[in-house]
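A.B. asks: This structure is in structure tokens; I'll ask about it shortly.
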Amino acid sequence: MPDLRLPKTIAWVGGLDGQVELVDQTLLPGELKMLACRDVEAIREAIVSLRVRGAPAIGVAAAMGLVLGVRDAADADSDGFWARLRETRERLASARPTAVNLCWALERMEALAQRLADRPVAEIKQALLDEARRIRDEDAEMCRKIGQAGQHLIRENTGVLTHCNAGSLATAEYGTALALLYAAHERGRRFRVYADETRPLLQGSRLTAWELSRAGIDVTVLCDNAAGELMREGRIQTVVTGADRIVANGDTANKIGTYSVAVIARAHGIPFYVAAPSSTFDFSTSDGAKIPIEHRSGDEVRAGFGRLTAPAEVPVYSPAFDVTPASLISGIVTERGVIDPVGPENIRDFFGL
Ligand code: MRU
């Protein structure tokens, strides 16, 4: 991968007494500022407020948050350490419900601690920090591989629509959907990206457009409701998005509006791809109807950026995610290759389950 001229989304800096440093994504594109988090509540607040967001990045944040939660537990008090671990895990797990990476990372951290249960507390703490760093590094590597596995889908002189931000900012590095674009760009291919603005919090225009333009990729922003018209005009040949949770039958939760994009893409005969690492698959949930969907404050719609744009007294219905049925998905790009067609048997075979 080339140097994308992008900051590291999230990193643990220093030893066990160090801190988590993350890009405060609520300030972009106006300001690029790192936020230092030194305790669980700071990390939880960063996840809830979308300072750090995107399924894989939330997973990394949760893993590092768990270390922040246990590191001050007394080394001589084993019961106290385990109680703190459980408490921290529950606190972080409740931050956001839809992206499965959050619980996936917490479960992986806890499983490691359990395996080391007979070791001194100080040793378990250090192992947890090493594991959190490993989760970050593995995520970057998975994203790099997703880019390689799916770059061929981004063809010369085509238009590519994406929704929300599934880029470097949403992961440890490179992104998922955007990794395909970075890899195609690196190979010298020319194409134009159309970034859905992504109401209400504008991850598409604030974040996707920011990181792609910084990396030298041709990107144009559109209002979400313009996507159908651009397809009708023949400007879009491929759609690629990320995912927050892909369940056993291939149904996929992603940012609200993704489902609408998939429906209009199908109506225009345009392939709709999802890109995600294996940590975003939830094999224990059978179908999309069972995915917990986060609902967010109506104020994000009513007055998202400071000015009232709907009457204060009118209720707002604000699901943060929707589910695209597997039948509308042309393929899922993972770090191990492309799942195509998308269906329960094929997914099971692909992962050797
Ligand atoms: O609410 P957000 O900004 O966390 O939503 C993010 C998305 O929907 C992304 O598309 C998804 O997490 C994939 S990120 C690689």
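Each reported figure results from applying straightforward, stated rules to the coordinates on display, with no laboratory input. Bear in mind the structure is a predicted one, so any value in this text is a computation, not a measurement. All Cβ positions, glycine included, derive from the backbone under ideal geometry; neighbour counts span all protein chains shown.
A.B. asks: Once label points are set 7 Å from the Cα along Cα→Cβ at both Val13 and Ala93, what is their separation, rounded to one decimal in nm?
C.D. replies: Rounded to a tenth, the inter-label distance reads 3.2 nm.
A.B. asks: While we're here: With an 8 Å Cα cut-off and a minimum separation of 6 or more residues, compute the relative contact order for the stretch 12-156 in percent. All intermediate terms of the calculation are to be shown ahead of the outcome.
C.D. replies: Numbers: 165 pairs, mean separation 31.8, N = 145.
Averaging sequence separation for qualifying contacts and normalising by length gives 22 percent for the stretch 12-156.
A.B. asks: Just the number, please: percent antiparallel of the DSSP beta bridges in the chain, rounded to the nearest 5.
C.D. replies: Antiparallel: roughly 50 percent of the beta bridges in the chain.
A.B. asks: Fewest Cβ neighbours within 10 Å first, please rank Ser49, Ser168, Ser213 accordingly.
C.D. replies: Details: Ser49 13, Ser168 30, Ser213 16.
With the sparsest Cβ surroundings first, the list reads Ser49, Ser213, Ser168.
A.B. asks: Moving on to the next point. Please compute the length gained on full extension between Val301 and Glu107, using 0.36 nm multiplied by the number of residues separating them and subtracting their Cα-Cα distance.
C.D. replies: Working: separation 194, 0.36 × 194 = 69.84 nm, distance 3.33 nm.
Gain on stretching Val301 to Glu107: 66.5 nm.
A.B. asks: Between Ala312 and Asn346, what is the label-to-label distance in nm when each label sits 7 Å out along the Cα-to-Cβ direction?
C.D. replies: Here the answer is 5.2 nm between the modelled labels.
A.B. asks: Same structure, new question: For Gly304, what charge total do you get from the other residues with a beta carbon under 14 Å from its beta carbon, if Lys and Arg give +1 and Asp and Glu give -1?
C.D. replies: Details: positive: Arg199, Arg206, Arg296, Arg302, Arg307; negative: Glu197, Asp224, Asp299, Glu300.
Summing Lys and Arg as +1 and Asp and Glu as -1 gives +1.
A.B. asks: So if R0 is 35 Å, what FRET efficiency would Arg115 and Ser213 give, r being the distance between their Cβ atoms, rounded to the nearest 0.05? Numbers along the way, then the final one.
C.D. replies: Working: r = 45 Å, r/R0 = 1.27.
Efficiency, rounded to the nearest 0.05: 0.20.
A.B. asks: Given Cα pairs under 8 Å that are at least 6 residues apart, what percent is the relative contact order of the chain? Could you put the intermediate results ahead of the total?
C.D. replies: Numbers: 739 pairs, mean separation 57.0, N = 353.
Contact order relative to length: 16 percent.
A.B. asks: For Glu294, what charge total do you get from the other residues with a beta carbon under 10 Å from its beta carbon, if Lys and Arg give +1 and Asp and Glu give -1?
C.D. replies: Details: positive: Arg96, Arg296; negative: Asp244.
Every neighbour counted, the sum reads +1.
A.B. asks: A further question on this structure: Compute, for the stretch 86-172, the length of the dipole vector about the Cα centre, with Cβ point charges of +1 (Lys, Arg) and -1 (Asp, Glu) only. Units Debye, rounded to 20. Don't skip to the answer; put the middle values down first.
C.D. replies: Working: 14 positive and 13 negative charges, 22 e Å.
Taking the Cα centre of the stretch 86-172 as origin, the dipole is about 100 debye.
A.B. asks: Related question: Between Ala74 and Arg133, what FRET efficiency follows from the Cβ-Cβ distance if R0 is 22 Å, with the result rounded to 0.05? Don't skip to the end; give the middle numbers.
C.D. replies: On the way: r = 24 Å, r/R0 = 1.08.
E between Ala74 and Arg133, to the nearest 0.05, is 0.40.
A.B. asks: Let me ask something else. Once every DSSP H run of n ≥ 4 in the chain is given -39500 (n - 2.57) and the sum is divided by its residues, what mean residue ellipticity at 222 nm do you get, rounded to the nearest 500 deg cm²/dmol?
C.D. replies: Values: 11 runs with 130 residues, N = 353.
Roughly -11500 deg cm²/dmol at 222 nm, from the helical runs in the chain.
A.B. asks: Just tell me, in residue order, which DSSP H segments of the chain are both 20 angstrom or longer along the helix axis (alpha-carbon based) and at least 1.6 in mean Kyte-Doolittle hydropathy. Mind dumping the intermediate values first?
C.D. replies: Numbers: long enough: 55-70 (23 Å, 2.05); 78-93 (23 Å, -1.08); 100-115 (23 Å, 0.09); 121-150 (43 Å, -0.65).
Taking the DSSP H segments of the chain (at least 20 Å long, mean hydropathy at least 1.6), we get 55-70.
A.B. asks: What does the extension gain come out to for Arg336 and Asn225, with contour length at 0.36 nm per residue minus their alpha carbon separation? Write out the running numbers ahead of the final one.
C.D. replies: Values: separation 111, 0.36 × 111 = 39.96 nm, distance 3.38 nm.
Gain in length upon complete extension: 36.6 nm.
A.B. asks: When ranked by the protection proxy of mean other Cβ atoms within 10 Å per residue, highest first, what sequence do the peptides 279-285, 110-116 form? Could the numbers behind the result be given before it?
C.D. replies: On the way: 279-285: 19.3, 110-116: 14.4.
Descending packing order for the listed peptides: 279-285, 110-116.
A.B. asks: Please work out the C-alpha center-to-center distance from the stretch 142-195 to the stretch 270-334 and express it in whole Å.
C.D. replies: First find each Cα centre; the distance between them is then 21 Å.
A.B. asks: Nothing charged except the Cβ atoms of Lys and Arg (+1) and of Asp and Glu (-1): what's the magnitude of the dipole of the chain about its Cα centre? Round to the nearest 20 debye.
C.D. replies: Working: 41 positive and 47 negative charges, 161 e Å.
Dipole of the chain, to the nearest 20 debye: 780 debye.
A.B. asks: Express the relative contact order of the stretch 268-341 as a whole percentage, based on alpha carbon pairs under 8 Å and six or more residues apart in sequence. Mind showing how you got there, number by number?
C.D. replies: Values: 72 pairs, mean separation 31.8, N = 74.
Result for the stretch 268-341 is 43 percent.
A.B. asks: Once you place label points 7 Å from the Cα toward the Cβ at Arg189 and Glu123, how far apart are they in nm?
C.D. replies: So the two model labels end up 4.9 nm from each other.
A.B. asks: On to the next question. Using just the Cα positions, wrap the stretch 50-98 in a convex hull and report its mean projected area in square nanometres, one decimal place.
C.D. replies: Working: hull surface 13.7 nm².
In nm², the orientation-averaged hull projection of the stretch 50-98 is 3.4.
A.B. asks: Tally Lys and Arg at +1 and Asp and Glu at -1 over the other residues with C-beta under 11 Å from the C-beta of Leu35: what net charge comes out? Don't jump to the answer; show the numbers that get you there.
C.D. replies: Details: positive: Lys33, Arg38, Arg51; negative: Glu21, Asp24, Glu45.
Summing Lys/Arg as +1 and Asp/Glu as -1 gives 0.
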